[in-house]
């Protein structure tokens with residue numbers, strides 16, 4: 001990672017538009033209409049469907065000395081085996097996610113010795129991240145969830161996001177450099193490679209790596225340049241940011257691959273730092289104001305909507321005196337959704353009220369690792385031909401019946 005490329009980041013934050021922020025369920029807000037409250041309660045109290053959850057295909061093995069792990073080199077959003085993000089970091093030794101969290105939390109934001117500029121997110125400190133729950137798999141541990149997620153940089157506009165998955169004595173992870181799409185709560189991954197290099201710098205800064213074999217690259221374990229940046233998002237990026245992630249400097253007509261070499265870096269941790277107990281809270285509002293693909297009940301690829309209104313996000317993360325980590329997250333909002341022709345910007349339907357509710361939770365102790373999430377979104381009134389709803393929930397981890405379901409009744 002060159003000093004020149006990283007120095008460009010100073011210009012990026014000035015040039016880019018920033019965002020405007022002012023158990024497995026939480027008490028349902030009193031602002032829900034009776035019918036919606038009943039519907040959501042029925043979803044949450046309903047029995048999760050039984051299904052045979054098989055290992056994903058294409059497992060890979062990584063060795064370090066006498067230790068080895070066989071695992072799926074991707075993460076997922078369920079148990080289908082459909083890959084979401086590539087595994088690009090692996091930790092062994094003193095590698096519990098709580099130890100990795102403590103090690104990164106012990107660092108300050110001064111990375112100038114590595115050529116990084118005094119500009120966010122490159123001078124930021126690590127904190128617990130708000131992010132969707134994902135799944136991962138190893139032969140010894142089977143399916144597990146992202147109980148601990150970390151971020152360097154705020155929720156927006158740009159951050160490094162790290163998801164950690166404990167696999168017995170190992171932890172596998174995905175790190176990505178991402179952008180908060182203005183006017184939404186959605187992040188777009190811009191680079192796997194830049195994030196991997198950033199975490200490598202900070203693992204070196206911890207001073208905890210084994211002197212004999214501090215780290216090593218794996219063979220290629222997943223697809224290089226996995227997934228793409230949509231052209232319409234890429235063309236909104238400042239040219240400096242396009243250069244930083246190694247993409248074309250000019251506008252593009254096709255999607256741009258997300259840079260990644262398909263290799264993971266293995267970190268051999270010989271020691272750990274003290275885990276500091278405490279609670280952190282993130283509590284803010286994101287104002288939606290963006291044209292996006294209709295998230296459910298879409299009639300086709302050109303079914304777009306203008307979404308407007310506030311969404312309240314709240315997350316509480318705690319490491320207890322007993323060493324147990326827990327996290328609860330909720331998001332809720334009432335939005336206005338207007339059908340739009342994305343090619344002309346013309347309004348093509350009546351504005352509809354929308355309800356958004358979402359909840360995540362996780363816990364991690366010496367004997368337990370669990371993660372759950374659910375999401376409820378509804379477009380009203382039911383008489384509108386564009387109306388419908390979405391309900392999705394996931395449960396994964398120790399002492400849970402791993403399960404996933406998604407229902408999307410449409411008009």
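The values are calculated or read from the model by the stated rules, or taken from the named source; none is laboratory data. No experiment lies behind these values; they were computed from the predicted model shown. All Cβ positions, glycine included, derive from the backbone under ideal geometry; neighbour counts span all protein chains shown.
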Quick one: which residue in 122, 79 is in a loop (DSSP other than H, G, I, E, B), buried (at least 20 other Cβ atoms within 10 Å of the Cβ) and either in contact with a helix residue (DSSP H, G or I) (Cβ under 9 Å, 6 or more places away or on another chain) or not assigned by TED's automatic domain parsing to the domain that holds residue 198 (or both)? 122
Would the range 209-224 turn up any residue that is closer than 30 Å to residue 313 by Cα, touching a helix residue (DSSP H, G or I) at 6+ places or on another chain (Cβ under 7 Å) and in the same structural domain as residue 177 (by TED's automatic domain parsing)? no
Condition check for residue 103: modelled with pLDDT of 95 or more and assigned to a helix (DSSP H, G or I): yes
Out of (1) within 30 Å of residue 56 (Cα to Cα); (2) crowded, with 21+ Cβ neighbours inside 10 Å, the one residue 242 does not meet is (1)
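Quick grid of which residues meet (1) crowded, with 20+ Cβ neighbours inside 10 Å; (2) in contact with a strand residue (DSSP E or B) (Cβ under 6 Å, 6 or more places away or on another chain); (3) part of a strand (DSSP E or B):
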| site | (1), (2), (3) |
| --- | --- |
| 136 | yes, yes, yes |
| 144 | yes, yes, yes |
| 162 | yes, yes, yes |
| 174 | yes, yes, yes |
| 178 | yes, yes, yes |
| 183 | no, yes, no |
| 190 | yes, yes, yes |
| 205 | no, no, no |
Name the residues in the range 261-303 that are assigned to a loop (DSSP other than H, G, I, E, B) and loosely packed, with under 15 Cβ neighbours inside 10 Å, would you? 270, 271, 274, 276, 277, 299, 300, 301, 302
Please state which one of 349, 323 is touching a helix residue (DSSP H, G or I) at 6+ places or on another chain (Cβ under 8 Å) and outside any strand (DSSP E or B). 323
All but one of (1) modelled with pLDDT under 95; (2) assigned to a loop (DSSP other than H, G, I, E, B) hold for residue 211; state the number of the condition that does not hold. (1)
Within the range 304-317, identify whether any single residue is surrounded by fewer than 21 Cβ atoms within 10 Å (Cβ to Cβ), at positive phi and in contact with a strand residue (DSSP E or B) (Cβ under 6 Å, 6 or more places away or on another chain), and answer yes or no. yes
Check on residue 241, within 30 Å of residue 311 (Cα to Cα) and at pLDDT below 95: yes
